[in-house]
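Let me begin by presenting the structure, written as structure tokens, before commenting on it.
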Amino acid sequence: MRTHDDDPFDPMPEPPEPPHDGECCESGCGDQCVWNRYNEARAEFERAITAWRARHPADAHFP
């Protein structure tokens with residue numbers, strides 16, 4: 001039985017870490033805002049995990 005880490009050449013993508021408390025300066029800094037960068041990384045993760053699940057249908061139950 002395969003598990004999500006059986007293939008070292010195609011590991012399951014890891015989700016990005018959200019910003020920690022106090023990282024956002026709340027000054028409206030636009031694209032450089034830690035939340036904007038996190039949201040972009042999260043969207044890329046969603047695309048990557050969808051593609052990974054398509055390549056690993058037996059492991060699709062992993063988050």
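Around residue 19, under 12 Å between beta carbons, what's the net of Lys plus Arg minus Asp minus Glu among the other residues?
Details: positive: 37, 42; negative: 17, 21, 23, 26.
After counting each charged neighbour, the total is -2.
Starting from the Cα-Cα distance between residue 55 and residue 29, subtract it from 0.36 nm times their residue separation and give me the gain in nm to one decimal. Intermediate results must be reported in sequence, preceding the final value.
Details: separation 26, 0.36 × 26 = 9.36 nm, distance 3.81 nm.
Stretched out fully, the residue 55 to residue 29 stretch lengthens by 5.6 nm.
None of the figures in this text is laboratory data; all of them are computed from the coordinates on show. The structure displayed is predicted, hence computed values, not measured ones. A quick note on method: Cβ atoms are made from the backbone with ideal geometry, for glycine too, and the neighbour counts reach across all protein chains shown.
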